[in-house]
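Quick notes on the structure that follows.
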Amino acid sequence: MAKKQFKAESKRLLDLMINSIYTHKEIFLREIISNASDAIDKLAYLSLTEDTGLSRGNFEIRLSVDADHRTLTVSDNGIGMDKEELEKNLGTIARSGSLQFKEDLKNAEKPAEAVDIIGQFGVGFYSAFMVADNVSVLTKKYGEDTAWLWQSSGADGYTITECEKDSCGTDVILKLKADTEDEDYGRYLQQYTLENLVKKYSDYIRYPIRMNMKRSRPVETEDENGEKKTAYEDYYEDETMNSMVPIWQKKKDEVTDEEYDQFYMSKFSDFEKPSMRISASVEGAVTYQALLYVPARAPFDYYTKEYKKGLQLYTSGVLIMENCEDLLPDYFSFVKGVVDSQDLSLNISREMLQHDRQLRRIASNLEKKIKSELARQLTNDREKYEKFFDTFGVQLKYGVVSDYGAHKDLLKDLLLFWSEKEQKYVTLSEYVEKMGEDQKYIFYAAGESRTKISQLPQTEMIRDRGYDILFLTDEVDEFVVQTLMNYNEKEFRSVSAEDLGLETDEEKEQKKQEAEENKELLDFVKETMDGKLKEVRLSNKLKSHPVCMVPDSGLSFEMEKYLNRVAPNEEQKLHSGRVLELNAEHPAFTALKNAYATDREKARKYVQLLYAQALLIADLPLEDPSAYTDLVCGLMN
């Protein structure tokens, strides 16, 4: 029979697909197996309306290898095709018999809930040409007497000839390409490779995928002296390569907690059981099933650029994407799991998803589900949630500040902060509930550690009033409170702020008078430090300490340290303004005041000493530690 040509647009599409569309050549096996599953689905559906003599237990997909002739065959006992269908489905690329079948089902009288056709775009079959020089399709349609053989070597065309076949179904026979320096096509003839590919992409195809597997077993033998020895012999045995029923499609009472945990540890290569399992089965505007897990500990590469977030995405049990990033927001990137949906629109490569409404709905639903499950654990199992937060809480905090605070309302009630008063984690809601009626602000203090924060002089007055202070020790914490701005209409206020809302109007007026009385001394302190201080003022927050250093409004010292650590060069280093606060009730201030009146040189040394002490207390570097040592020693003489 004369060779027939693909349509012109099909030839261009075939060349594009072979060379460009698919990222991984191994995808071809998934596509051919999916097509085989579709063919069986069609015959299974037909058996609902007429007596085919076949039951579900008879259906199978079979792989077979002929290493000598470099052929890989994928066979099914599904509906098969006649000559006309071969012409339509394989003569025109991007025409899908599966898609047409699905359209026909919409108008069928018998419901088709049990039929789920995977292949909808008619391109997957041609992925075979990525690994094969020649592809043959031997097929016989159910109810027909004649079988047909379709053969093609690629874009140069195809032939269809009449042939013999004992039963209905289709055999796809791939003559693999010769190996090259860049590609080992022969690996697709190895049962180890085929096992792995079936397990990776087609493990949940609903029909058994079988292969006659070569195995080895021990046998007892005797040598010439009659001594028994153990040898090994090869044998072949039919084995089913896929599990067929996904664990997430089983009823919950059919799966034990241990089986769920084992699935997670095996699927996602974790040696530790997950800290949380989240299941979802949704029907409606979009239908999907999801089985999600929160790991007990962060992967070693979690906070690196190499980490890949995302869920495994399946459609009808066929793996479409290993890491579908669009299903998870960054702040929930620690979640692992699978999502299986029949409703997704796939593009021709089956490797990339169109950003359609179904995908967005699934992502939105999963986001709400994860949030609600975390909130439930926070309420019902506080100890377990705190362990989770120690591991992944920083990620939630980054979620608050990302996208200009767009997600802060979603995440704010999942946050925990260390309470100085309670000496444990508290939520913002718990903090606000315990605020007294006279407390205006949610107080916080930032530092490298809880110990260092507790030693800050500016916390003393707040502590004495009986108010709680949130200790912020993560680099992102201050960005979080600035993004939130308030919680339940209670504003966040740093302990270093000029106005802590602790003074009465009378006390404020008294401080104002003291500042006026000591204006000349305060100006002298500022001038002595020669531009190193933006302001010098009498403190309203110090009690037993003589001095403290606080930032000018805006950039805190901890934020300054963080931003300077990530600054690319010296020219972009940031510097928050320094404000020196003096305790007018402290003996050190009296000594400074007396020295100013009697010995200006000594007063300058006192200023330098107080300035250096304030830097040390604020955990800021001294410009010249040696000069500071000399200054202290000099004052001791």
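The values are calculated or read from the model by the stated rules, or taken from the named source; none is laboratory data. This is a predicted model, so every value here is computed, not measured. Positions of Cβ are generated from backbone atoms using ideal geometry, with glycine treated the same way; all protein chains shown enter the neighbour counts. For the accessible areas, the whole protein counts, side chains as well, though only heavy atoms, and no ligand, DNA or RNA atoms are used. Shrake-Rupley method; radii C 1.70, N 1.55, O 1.52, S 1.80 Å.
Rounded to the nearest 10 degrees, what's the angle between the helix 600-617 long axis and the longest principal axis of the chain, both from Cα atoms, 0 to 90?
Once rounded, one gets 30 degrees.
Can you give me the relative contact order of the range 230-335 as a percent, contacts being Cα pairs under 8 Å and 6 or more apart?
Contact order relative to length: 17 percent.
Loop by DSSP (not H, G, I, E, B), at most 14 other beta-carbon atoms within 10 Å: where is the longest site-free stretch of the chain for chymotrypsin sites (Phe, Trp or Tyr not before Pro)?
308-637
What is the range 136-196 by shape, rounded, prolate or oblate, if you read a ≥ b ≥ c off the alpha carbon gyration tensor as root eigenvalues and call it rounded for a/c under 1.5, prolate for a/b larger than b/c, and oblate otherwise?
Taking the square roots of the gyration eigenvalues as a ≥ b ≥ c, the range 136-196 is oblate.
When only C-alpha pairs under 8 Å and at least 6 residues apart count, what is the relative contact order of the range 341-475, in percent?
Dividing the mean separation by the residue count of the range 341-475 yields 16 percent.
What relative contact order, as a whole-number percentage, does the range 551-600 give when Cα pairs under 8 Å and 6 or more residues apart are counted?
Averaging sequence separation for qualifying contacts and normalising by length gives 34 percent for the range 551-600.
With +1 on each Lys and Arg Cβ and -1 on each Asp and Glu Cβ, and nothing else charged, work out how big the dipole of the chain is about its Cα centre, in Debye to the nearest 20.
Details: 86 positive and 118 negative charges, 148 e Å.
The calculation lands at about 720 debye.
With +1 on each Lys and Arg Cβ and -1 on each Asp and Glu Cβ, and nothing else charged, work out how big the dipole of the range 43-82 is about its Cα centre, in Debye to the nearest 20.
Taking the Cα centre of the range 43-82 as origin, the dipole is about 160 debye.
Quick one: how many Å² of LEU46 are accessible to a 1.4 Å probe, rounded to 10?
Roughly 40 Å² of LEU46 is accessible to a 1.4 Å probe.
At what distance in nm do the modelled label points of GLU448 and GLU233 sit from each other, each positioned 7 Å from its Cα along Cα→Cβ?
Label-label distance for GLU448 and GLU233, simple model: 7.3 nm.
Going toward the positive end of the dipole of the chain, with +1 on Lys and Arg Cβ and -1 on Asp and Glu Cβ, which of LEU359, ASN242, ALA128 do you reach last?
Going by the charge dipole, the pick is LEU359.
What does the net charge come to around ALA584 if you take all other residues with beta carbon closer than 11 Å to its beta carbon, with K and R at +1 and D and E at -1?
Counting the neighbours of ALA584, the net charge comes to -1.
Less than 10 Å Cβ to Cβ from ALA290, Lys/Arg counted +1 and Asp/Glu -1: what total charge do the surrounding residues give?
Values: positive: LYS369; negative: ASP340.
Overall, the nearby charge balance is 0.
Scan the range 562-617 for trypsin sites (Lys or Arg not before Pro) in coil per DSSP, keeping those whose Cβ has at most 16 other Cβ atoms within 10 Å, and list them by number.
Loop-located and lightly packed - LYS573.
For Cα Rg over 2.2 N^0.38 Å, the listed values are (i) 1.27; (ii) 1.00; (iii) 1.43; which was obtained by calculation from the structure presented?
Recomputing Cα Rg over 2.2 N^0.38 Å here picks out (iii).
Looking at HIS24, ALA595, SER419, which one has the Cα that reaches farthest to the positive end of the dipole of the chain (charges on Cβ: Lys, Arg +1; Asp, Glu -1)?
Of HIS24, ALA595, SER419, it is ALA595.
Helix 257-267 versus the longest principal axis of the chain: what angle, 0 to 90°, nearest 10, using Cα atoms?
Rounded to the nearest ten degrees, it is 80.
What residue among GLY337, PRO546, VAL172 has its Cα farthest toward the positive end of the dipole of the chain, where the charges are +1 on Lys, Arg and -1 on Asp, Glu, each on the Cβ?
After comparing all options, I get PRO546.
Considering only DSSP states other than H, G, I, E and B, which trypsin sites (Lys or Arg not before Pro) in the range 450-483 qualify as loop sites with at most 13 other Cβ atoms within 10 Å? Can you show the working numbers first?
Details: sites: ARG450, LYS452, ARG463, ARG465; in loops: ARG465.
Counting only loop positions with at most 13 other Cβ atoms within 10 Å, the trypsin sites (Lys or Arg not before Pro) in the range 450-483 are ARG465.
Need one word for the range 275-314: rounded, prolate or oblate. Basis is the Cα gyration tensor (sqrt eigenvalues a ≥ b ≥ c); a/c below 1.5 gives rounded, then a/b vs b/c decides.
Verdict is oblate for the range 275-314.
Restrict the search to the range 199-292; then list the GluC sites (Glu not before Pro) that DSSP places in a loop and that have at most 15 other Cβ atoms within 10 Å of their Cβ.
Working: sites: GLU220, GLU222, GLU224, GLU227, GLU233, GLU237, GLU239, GLU254, GLU258, GLU259, GLU272, GLU283; in loops: GLU224, GLU227, GLU272, GLU283.
Qualifying residues, ordered by number: GLU224, GLU227, GLU272, GLU283.
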